Amino acid sequence: MHIPQKILSLFIVAAFACAGKSENVTDKQPYTAKGRTEVLQGNTIALIGSASSVTFGFKGTKCTVKLSTTDTYEHHNYIVIEVDGQYYSRYKIQPSGTSVPVMVPGGQSHTLTVYKATEASNGTVLFKGADGDIFPVKEKLKKKIEFIGDSITCGMGNDLSEIPCDAGVWFDQHNAYYSYAPIAAREVGADFMLSSVSGIGMYRNWNDEHDKEAIMPDVYENLYLNKDTSKPYNFGFTADITCIALGTNDFSSGDGKKPRLPFNEDAYVSNYLNFIATVYRHNPKTQIVLLSSPMVTGERSATFVKCLNKIKDQVNSQKGHKEVKVFNFTAVTPHGCGSHPEIEDDKLMASQLAPFLKTLLNGK
């Protein structure tokens with residue numbers, strides 16, 4: 001029996017130590033889940049969305065994390081491990097199960113977080129517990145930022161450290177941990193959540209005129225960011241700021257082979273306004289920031305920014321919400337796969353965005 005996501009931050013205080021023993025996830029254990037996650041049979045935690053995570057503490061010099069992955073077909077997946085706030089490594093996870101040993105110096109207590117490196121469309125990473133002296137981590141209350149976006153927000157094609165572009169499968173270079181969005185959130189000391197899908201747009205997608213594929217307004221309210229309405233997202237993450245970064249695919253020319261209609265400004269603006277209404281319905285107190293894209297250049301960039309300002313002005317003409325802002329990235333030359341940012345490019349984007357977000361958060 002599947003249990004829909006009970007609570008976005010699963011924090012269970014009745015924990016027991018397991019030094020030298022294997023732990024399975026139970027309802028008495030100290031794992032904090034964040035992002036788009038679901039508690040499955042046996043209290044396995046499903047990591048669904050990009051950079052969704054599980055955090056716990058361990059004592060000593062070693063901890064082993066137990067993971068697997070599942071999808072409609074059999075394939076590997078990827079996670080990133082962070083220890084004590086520092087990037088540890090990225091790992092490939094197999095459907096048959098993968099145990100990840102984490103070795104650290106010293107015998108003091110440590111905080112470990114497992115992040116999903118890929119996105120919802122790449123299947124689900126299953127967190128099945130850890131071996132070690134495990135304890136719950138009491139986290140500090142932080143401001144919260146949600147990033148709604150496309151492949152750039154997902155971190156698609158940004159990590160070439162192991163597999164070069166045009167090798168392996170299309171998600172082998174995903175690293176959501178190093179997307180501009182989590183980098184910027186960490187820079188300002190905020191919790192974050194990503195609701196992002198590669199190729200997706202506001203009224204049309206990268207190579208689809210909304211004929212066969214779902215656009216973001218179709219999937220945002222669904223936990224798995226797909227058309228499955230039987231698993232709604234519970235919107236337990238009440239973001240202080242909601243950044244919307246959608247438009248790169250609406251403005252794109254697709255693959256250059258399939259016929260592509262000219263950009264429809266009215267459709268884009270209309271869908272955007274309706275989508276903002278959806279965001280407010282679930283989180284009326286959030287402050288919305290509309291992001292441009294450094295990957296959209298020239299005349300398209302000018303049109304993009306014009307549309308965002310038009311949307312901002314229309315929403316701000318209405319009362320009852322915080323002022324909508326527009327943030328315009330300056331151009332960043334992408335060095336990742338498929339014309340996407342590489343990690344260093346993501347860092348440049350984050351360095352532009354973080355001061356802007358910090359100013360907004362300090363005003364709250």
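The values are calculated or read from the model by the stated rules, or taken from the named source; none is laboratory data. Please read all numbers here as calculations on a predicted model, not as lab measurements. Cβ placement follows ideal geometry from the backbone for every residue including glycine, while neighbour counts extend to all protein chains displayed.
Checking the structure you have, find out if any residue of segment 96-107 is polar (S, T, N, Q) and crowded, with 24+ Cβ neighbours inside 10 Å. There is no residue in segment 96-107 that is polar (S, T, N, Q) and crowded, with 24+ Cβ neighbours inside 10 Å. Going by what's in this entry, would THR118 be described as in a strand (DSSP E or B), of a type in the set (Ser, Thr, Tyr), touching a strand residue (DSSP E or B) at 6+ places or on another chain (Cβ under 6 Å) and outside the structural domain of ASN158 (by TED's automatic domain parsing)? Judged against the criteria, THR118 is not a match. Within segment 167-188, the residues that satisfy the criterion of being among the aromatic types (Phe, Trp, Tyr) and closer than 11 Å to TYR78 by Cβ are PHE171, TYR177.
Beta carbons closer than 6 Å, at least 6 apart along the sequence or on distinct chains, never pair a first residue in segment 138-151 that is touching a residue at least 40 places away in the same chain (Cβ under 8 Å) with a second that is surrounded by fewer than 19 Cβ atoms within 10 Å (Cβ to Cβ) and in a strand (DSSP E or B). Counting the residues of segment 298-338 that are surrounded by fewer than 13 Cβ atoms within 10 Å (Cβ to Cβ) and under 18 Å from PHE263 (Cβ atoms) gives 4. Restricting attention to segment 99-130, which residues are farther than 15 Å from ILE45 by Cα and hydroxyl-bearing (Ser, Thr, Tyr)? Residues satisfying the conditions are SER99, SER109, THR111, THR118, SER121.
Residues that are surrounded by 17 or more Cβ atoms within 10 Å (Cβ to Cβ) and either in the same structural domain as SER196 (by TED's automatic domain parsing) or in contact with a Pro (Cβ under 6 Å, 6 or more places away or on another chain) (or both) are absent from segment 71-85 altogether. Taking the criterion of being assigned to a loop (DSSP other than H, G, I, E, B), polar (S, T, N, Q), at pLDDT 95 or above and more than 24 Å from VAL65 (Cβ to Cβ), would at least one residue in segment 146-157 satisfy it? No, there is no match, as no residue in segment 146-157 is assigned to a loop (DSSP other than H, G, I, E, B), polar (S, T, N, Q), at pLDDT 95 or above and more than 24 Å from VAL65 (Cβ to Cβ).
The numbered conditions (1) modelled with pLDDT of 95 or more; (2) within 30 Å of LEU361 (Cβ to Cβ); (3) in contact with a helix residue (DSSP H, G or I) (Cβ under 7 Å, 6 or more places away or on another chain) are all true for PRO294 except (1). Which of the residues that make up segment 49-73 are closer than 18 Å to ALA33 by Cα and free of Cβ contacts under 8 Å to residues at least 24 places away in the same chain? Within segment 49-73, none qualify. Listed by position, the helices (runs of 4 or more DSSP H) enclosed by segment 169-259 that each have at least 3 residues that are buried (at least 21 other Cβ atoms within 10 Å of the Cβ) are 180-187, 248-251.
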